Amino acid sequence: MARRGAGTPFLLQLSLLLLLHLGGECGPSWTLGCASVAVGSPVVPLGSAVTASCTIQRELCRGLEQGKVRISWMLDNELVAGSQRQGPGGTEVSNLTLPRFNHTQARLWCCVEWNGTKQRVGVAEIKAGYPPAKPLNLSCVLNLSDYGLTCQWEQGTDSHLPTSVVLKCAGKPRPLPEGPRAHCSGCRRSRAQAVTGCTPQGGHSHCTVPRRLLQLYRQMEIWVSATNALGTAESEHLCIDPMDVAKLDPPVLQSIQSIPFQTDCIALAWDVARGTEHMELQCELRYRAPEDPAWALVTGIIGRAGTARRCGFLFGTQYRFQMRCRRSSASALAYWSEWSPGRNYTTHEKAPTGKLDAWWGAQPAGAGGRLEVQLRWKAPRQREANGRVLGYRVTLSPRRRGRDPPTVCNTTYTRCNFSVPAGTRRVYLSAYNAAGESAPTEVVLLERKGQPLAGLRAVPGGERSLWVHWEAPLAPVVAYVLEWQRVTAEPGHCSACWQMERDGAATTALIQ
């Protein structure tokens, strides 16, 4: 026992010497409890002042019982200066003020000098940041599969501090004025009114309030609260009936058909999605042909299921139809369902209508007294084709009841060369599809030479177009025909194109 007791001071001294030797500049801290560090606040606004004090109790620090105690400070690895004074009861006190604390997190060390080295004897951890930012763009959707209310929002800028975020819900707010769903920053509720909600997990900005915490078909107040050590921020408060933000499944398109005796109209039968049979719905229908630049929209379809009628469709054209719905009793800002899966329908055909733009050239065909005609025309536009054009017919006279006129050309192309008797002054051109034939377009084979156009010029209208300009002639004009061709390096490979401008007052035309 005597030998062990005699060795204890030596072992303690050796341990202390090893500790001080390994410490270096403000090295490892003593664990003897001879110092205490106090800060004004462990969490401060970023860039604000920090105050701290370090108190050394000399008699508790072995080796410092005699001599002057020198206290210094380290902010992480940076030396900072403080003041020192003698405190009550033989203590030494150092006070420190950092005018601007620009770290989001740092350790403030209190050090003392012993045998020419600085040793850490106390520490305080300080965090800095900002009050939480106001959560923005709060929105909620009610899932009809489990009637859970999922809300999401944007957190705003990082506060650099641990922040707790909670989505809060309260029922029975004050009655709302009629109109769209309100952002209500001051919904009145009883102090005894329970506030429930959910807490997002994993740093996400969304969470789901279960059905048991909701009041369906009644107004509820919903908001997001963010809190850290420097304050609390709340989002705008939503005052909504959870059913108003229910996102329904899309309806089902059952059938589409043309309406008899209304050849440009269709009737569309539809049914509601499962789970929405008890709701009064407001629905929209949209449709488009493949070449249409945008959807045509039909609004104001009310009911639980039924038919929707629409007219003005092109004949022989394939359309794609889709439908969506929402609760008709909900506010104007309620969610629409997704658009239903598309359903295609091709309207029935009708005989082509309108006149065909035609252009011709002619020359005598030898000694037989016949005329060789080169006739060209433009395919009818979709609105006039009324379906898929199967071909074109050129006859020497118009059709009459019970009589088929002589046909000189029947082709699927938009050009035809044929010969006619030299005295022929007119031919008749028509287009036909599966539903019938158009009224004939009269082509007069009589060459009338007018005045030549002056000032003809062309300028680029884009990568694939030209603007053609000319001066108007003095004589009245019914229409213009523009003809152009690509000139290649090889002779005989020029492809002629043309178009007709029916506005006799025009002096410009765009060639695509």
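The values are calculated or read from the model by the stated rules, or taken from the named source; none is laboratory data. Bear in mind the structure is a predicted one, so any value in this text is a computation, not a measurement. Note that each Cβ is placed from the backbone with ideal geometry, even for glycine, and that neighbours are counted across all protein chains shown. These area figures cover heavy atoms from the full protein model, side chains too; ligands, DNA and RNA do not enter into them. Shrake-Rupley method; radii C 1.70, N 1.55, O 1.52, S 1.80 Å.
Quick notes on this one:
- Within the accessible area of the stretch 332-418 (1.4 Å probe), percent carbon and sulfur: 48
- Residues in the stretch 143-165 that a label on Ala229 would reach, taking backbone N under 16 Å of a point 7 Å out along Cα→Cβ: 159-164
- Net length gained if the chain between Arg399 and Val80 were fully extended (0.36 nm per residue, minus Cα distance): 104.0 nm
- Phi-derived couplings, Karplus 6.51 cos²θ - 1.76 cosθ + 1.60 at θ = phi - 60°, listed residue by residue for the stretch 112-119: 10, 8, 9, 6, x, 10, 8, 10 Hz, with x used for Gly and Pro.
- Split the accessible area of the stretch 457-511 by element, probe 1.4 Å, and carbon with sulfur accounts for 55%.
- Surface exposure of the stretch 35-129, expressed per residue as accessible area with a 1.4 Å probe, stands at 51 Å².
- Ligands, DNA and RNA are left out, and with a 1.4 angstrom probe the accessible area of the stretch 252-347 is 51 Å² per residue.
- The stretch 332-355-the stretch 406-425 distance, computed between alpha-carbon centres (Å): 40
- Computed with a 1.4 Å probe over protein heavy atoms only, the accessible surface of the stretch 457-511 comes to 73 Å² per residue.
- ³J(HN,Hα), Karplus 6.51/-1.76/1.60, whole Hz, each residue of the stretch 299-316, x for Gly, Pro: 10, x, 8, 10, x, 8, 5, x, 10, 10, 10, 8, 10, x, 7, 6, 7, x
- Near-label residues of the stretch 467-482 by backbone N, under 15 Å of a point 7 Å along Cα→Cβ of Leu456: 467-473, 480-482
- Scanning residues 5 or more positions from Val80 or on other chains, those with amide H under 5 Å from its amide H are Trp73, Met74, Leu75, with H placed 1.01 Å from N in the peptide plane.
- Spin-label pair Gln254/Val93, simplified geometry with 7 Å Cα→Cβ offset, distance in nm: 8.8
- Cβ crowding within 10 Å averaged over residues, with 349-361, 97-109 ranked highest first: 349-361, 97-109
- Relative contact order, percent, the stretch 188-291 [alpha-carbon distance under 8 Å, six or more residues apart]: 15
- Share of carbon and sulfur in the accessible heavy-atom surface of the stretch 187-305 [1.4 Å probe, %]: 48
- The Cα atoms of the stretch 310-458 cover 83, 51, 22 Å along the three principal axes, with the biggest extent listed first.
- Relative packing of 473-482, 203-212, which averages over residues the other C-beta atoms within 10 Å, highest first: 203-212, 473-482
- ³J(HN,Hα) computed for each position of the stretch 245-253 - Karplus, 6.51 cos²θ - 1.76 cosθ + 1.60, integer Hz, glycine/proline x: 10, 6, 9, 7, 6, x, x, 10, 7
- Ranked from largest to smallest solvent-accessible area, with a 1.4 Å probe on the protein heavy atoms, Met220, Met500 come out as Met500, Met220.
- Mean Cβ count within 10 Å, highest first, over the residues of peptides 299-308, 230-239, 154-163: 230-239, 154-163, 299-308
- Given R0 = 41 Å, the distance between the Cβ atoms of Ala475 and Ala365 translates into a calculated FRET efficiency of 0.80.
- Loop GluC sites (Glu not before Pro), the stretch 265-317 (other Cβ atoms within 10 Å of the site Cβ: 14 or fewer; DSSP): Glu277, Glu280, Glu291
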